[in-house]
Amino acid sequence: MPQGVTRISLEVNSVNYEFFNAFTEDERVISKQVEYMNVTGYSLMLQRHTFSLDKVRTFGDTLDFDTVVNGTVTIEYETGQRVTFSQVHVMSVGAETADGTSDMVSTILFGAQSRTVN
């Protein structure tokens, strides 16, 4: 059942930022197929958590994404479920785009040490 995101927040140094309008979680590889001589096995993979947020430029932006390390990102869904990414680091800051009718938006790619579903 599809569920919408109701809140996206980034906490850095005890300050919350909520000027995001889109969330995309990248693929998570859980296990990998391993070929042996006469059988096929499976091996659990080390989890690598990456996701992106679309940041809306707001008047008086004070957060420099180039310096974001050890942050926490929380995604809240309509159902009340929360996904929390911890020890978040910015991996890349995308180009800013505008379509002439809405705010400037850039995509920020993040990596996280852990992912918790509450």
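Only the coordinates and a few stated rules stand behind these numbers; no lab work does. Since the model is a prediction, treat every value here as computed from it, not as a measurement. Cβ coordinates were reconstructed from backbone atoms using ideal geometry, including for glycine residues, and neighbour counts include every protein chain displayed.
Filter the stretch 53-78 for residues that are among the hydroxyl-bearing types (Ser, Thr, Tyr) and touching a Gly at 6+ places or on another chain (Cβ under 9 Å) and give the result. Give the derivation first.
Going through the stretch 53-78, the residues among the hydroxyl-bearing types (Ser, Thr, Tyr) turn out to be 58, 62, 67, 72, 74, 77.
Hit for the stretch 53-78 is Tyr77, nothing else.
Applying the criterion of at least 1 residues that are without any contact (Cβ under 8 Å) to a residue 24 or more places away in the chain to the strands (runs of 3 or more DSSP E) found wholly in the stretch 1-90 leaves 15-17, 31-35, 40-44. Val56 falls short on exactly one of the conditions (1) more than 18 Å from the chain's Cα centre (by Cα); (2) surrounded by 13 or more Cβ atoms within 10 Å (Cβ to Cβ); (3) of a type in the set (Val, Ile, Thr), and that condition is (1).
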